[in-house]
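**Q** One structure coming up, written as structure tokens, with questions to follow.
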Amino acid sequence: MSAVTSMIEEIKRVLDEIAAKYRDQLDVSDKEWTRCVLTNIGRVGQQEGYFVYAGVRKDGRPVFNDGEWLFDLCWLDYSDDNKWLIGAPLVLECEWGSRKNITDDFQKLLLARADLRVMVFSGRSNSETVETTECLKTFTKKLAETCSDDHYLLCGWSGEDRRFHFEHI
């Protein structure tokens, strides 16, 4: 199994656990969803030995290495002496708002040079989640710099069936 495939499977597992936790709770705030996603996916990156950077808020979100760095969450790999950035295994954006807000955040991922780019977002219904997923896929096709070995994981939460829908492109 490739490193990217392993990351995808682990992220899906973590998000499915979060979905199970919140499935029956209808009053979870966007801030709480984001905190939970960034905390749990950030912990996976730490367990893999990466420097993890995530947004720091007053709501108690754990502080990883140095707070937010360009993206809502990223895993960075440095040289043995921690002097040189040598790679970005993962970058992630998390947006629970409108489709415009989702696509605005997703466009940041289009420009990232990372092994895996992850977009976590929400839709009120299954059809809205699917439509947003299709819209994001179109962005990747339209970008001239898209390469055949680029990997995106689209993780759309549906308020209708209370679960994540995943698409790896």
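**Q** State which residue pairs qualify: first residue crowded, with 20+ Cβ neighbours inside 10 Å and of a type in the set (Ser, Thr, Tyr) and inside the range 101-130, second residue at pLDDT below 95 and not in a strand (DSSP E or B) in any location, beta carbons under 7 Å apart, and separation of 6 or more residues or different chains.
**A** That search, which allows pairs on different chains as well, returns Ser122/Trp96; Ser122/Gly159.
**Q** In the range 90-127, which residues are of a type outside the set (S, T, N, Q) and in a loop (DSSP other than H, G, I, E, B)?
**A** Trp96, Gly97, Ala112, Arg113, Ala114, Asp115, Arg124
**Q** Let me ask something else about it. Residues in the range 16-27: is at least one out of contact with any Cys (no Cβ under 8 Å at 6 or more places or on another chain), buried (at least 19 other Cβ atoms within 10 Å of the Cβ), farther than 16 Å from Ala88 by Cβ and modelled with pLDDT under 95?
**A** Checking the range 16-27: not a single residue is out of contact with any Cys (no Cβ under 8 Å at 6 or more places or on another chain), buried (at least 19 other Cβ atoms within 10 Å of the Cβ), farther than 16 Å from Ala88 by Cβ and modelled with pLDDT under 95.
**Q** Which of the residues that make up the range 1-54 are within 17 Å of Glu167 (Cβ to Cβ), out of contact with any strand residue (DSSP E or B) (no Cβ under 7 Å at 6 or more places or on another chain) and of a type in the set (D, E, K, R)?
**A** Selection gives Glu9, Glu10, Arg13.
**Q** For residues that are at pLDDT 95 or above, over 12 Å from the mean Cα position of the chain (by Cα) and not charged (D, E, K, R), tally how many sit in the range 90-106.
**A** Looking only at that region, the number is 2.
**Q** Now, a different point. Looking only at the range 45-84, count how many residues are at pLDDT below 80 and aromatic (Phe, Trp, Tyr).
**A** 2
**Q** Could you list, in sequence order, the residues of the range 140-153 that are surrounded by fewer than 16 Cβ atoms within 10 Å (Cβ to Cβ) and either within 26 Å of Arg163 (Cβ to Cβ) or not acidic (Asp, Glu) (or both)?
**A** Scanning the range 140-153 gives Lys141, Lys142, Leu143, Ala144, Thr146, Cys147, Ser148.
**Q** Still on this structure: Can you give me the number of residues within the range 125-140 that are of a type in the set (A, V, I, L, M, F, W, C) and in contact with a Gly (Cβ under 8 Å, 6 or more places away or on another chain)?
**A** Residues meeting the conditions: 1.
**Q** Pairs only if they're at least six apart or on different chains, beta carbon under 7 angstrom, first in the range 1-16 and of a type in the set (Val, Ile, Thr), second assigned to a helix (DSSP H, G or I); list them, first residue then second.
**A** Ile11/Ile41; Val14/Asn40; Val14/Ile41; Val14/Val44
**Q** Here's another thing I want to ask about it. Identify, please: which residue in the range 28-55 is part of a helix (DSSP H, G or I) and in contact with a Pro (Cβ under 8 Å, 6 or more places away or on another chain) and is, among those, surrounded by the fewest Cβ atoms within 10 Å (Cβ to Cβ)?
**A** Looking at the filtered set, the residue picked out is Thr39.
**Q** Mind telling me which of the residues Ser158, Ser127, Ser148, Ser98 ends up being touching a Ser or Thr at 6+ places or on another chain (Cβ under 8 Å) and polar (S, T, N, Q)?
**A** Testing whether each residue is touching a Ser or Thr at 6+ places or on another chain (Cβ under 8 Å) and polar (S, T, N, Q) leaves just Ser158.
The values are calculated or read from the model by the stated rules, or taken from the named source; none is laboratory data. Nothing here was measured: the structure is a model prediction, and the numbers come from that model. Note that we place each Cβ from the backbone using ideal geometry, even for glycine, and neighbour counts take in every protein chain shown.
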